[in-house]
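Below is one structure; the comments refer to it alone.
Nothing in this text is a laboratory measurement; each read-out follows from the coordinates by a stated rule. Predicted, not measured: the structure shown is a model, and the values here were computed from it. With ideal geometry, Cβ positions are generated from the backbone for all residues, glycine too; neighbour counts draw on all protein chains shown.
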Amino acid sequence: MLSPIDHCFFKIHRLLGPFQSRLSIRSREPLTKTLRTSRTDMKRLGLVFLILFAAVAFAADSRVEFKLDTSEADAVLAILELRAAGRQVTDSDWHRLFASEPYLRLKKREADMHRDFTDDDFRRFVQSDDLSKRAPALRHTLDAWKKADLRGAAERILPYLPADARVKASVYPVIKPKTNSFVFETDVNPAIFLYVDPDQSPSEFMNTVAHESHHIGFSDAGKQYEEKIKALPENARKAAEWMGAFGEGLAVLAAAGSADEHPMRDFNDDQRIRWDQDMKFVDQQLLQVNQFFIDVISGGFAKPEVADHVAFTFFGYRGPWYTVGYRMGSFVEKRFGRGVLIKCMSDPRLLLAKYNEAAREENRAGRIDNLPLWSTEILKAVGVQDP
Ligand SMILES: [Zn+2]
């Protein structure tokens, strides 16, 4: 299994290739012999390695690129602090909030989701007694997040990304009425919205950043996946599109760092207990999503919006897109290794197929009580073989 250190070595080997061949061509001798020849060569070699390691460091660094923008949260807190001090909040204070990039993009996102979101509603939210009471805690949390190692959090999930995938995004800690964190416009202008939550521990916060970073890291693979499934008949394409939602469970796995770790290891006891409870029903949930895919493919939904509505319910708090996605991801990684899992992450149809392969083996061996399988007709419809 690859660890972050293994991953660095992988990059070093990749970069070493061309350097090694250039050295050999110049000296027309193997690298080992060049090492022994002369002091000048030693110096040259030293310089080459210096450049090489600088290149490696740069390459590793440049895979994560975050632009932290706290202007919305800063503007909200400025208003709360003026109110707490009994001072007047001016139009320019409100303008600073409503013109901030995170606020404008949050508004756009909520409109995309057909949710009501107006400046007047938001003004009432900022002026509420509840938010005033939470101002000191929000200030404390935001100040801590400004100093947090966001890059370090994102680097945790790099071993769970294709080698050329990058995590590039604007990061917006936001004070807002809804308590969710999410990614937005991952294909054109990637952003991570992080709900400023004073109840979240530092380890939960880092896990959340890692989780969202995994979604960002897969945006390129997502575009390629869309191309791959473009030619499928409409109903099968819809099922294949929704298979991408298992990315939630895969992000849980990546943020935990290993299939051997508890997926909620960074969270409090309540969250861990809740996850363990939900996982008791993971087999039933798989069968439920299986039926959903059959219905979508066979045209069982009167309107596409109804199918989407059902699929949205599978997000839940941490519903089947998380639990079943995690079950398949951890199962495939343990049986076939992380390399195969990453291929499955890039093409979620393969995740279902590889899961079936591993589950059939287990069922035949009788090691686990009869694991549920994805129906062959689903896999066939989306264009993959049921092994
Ligand atoms: Zn997610």
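Determine, for Asp295, Asp116, the number of other Cβ atoms within 10 Å of each Cβ, and report the residues in order from fewest to most.
Exposure proxy ranking, most exposed first: Asp116, Asp295.
Electrostatic bookkeeping for Arg367 treats Lys and Arg as +1 and Asp and Glu as -1; over the other residues with beta carbon under 13 Å from its beta carbon, the sum is +1. Ordered by the count of other Cβ atoms within 10 Å of each Cβ, fewest first, Trp275, Trp94 give Trp94, Trp275. Close amide H pairs (under 5 Å, H built 1.01 Å from N) link Val171 with Lys67, Leu68, Asp69, Ile192, residues at least 5 positions away or on another chain. Count Lys and Arg as plus one, Asp and Glu as minus one, and take only other residues whose Cβ is under 14 Å from that of Val332; the net charge is then +3.
May I ask for the net charge around Asp278, where only other residues with Cβ less than 14 Å from the Cβ of Asp278 are counted and Lys, Arg are +1 while Asp, Glu are -1?
Summing Lys and Arg as +1 and Asp and Glu as -1 gives +1.
In terms of other Cβ atoms within 10 Å, Asp130, Asp112, Asp283 run from fewest to most in the order Asp130, Asp112, Asp283.
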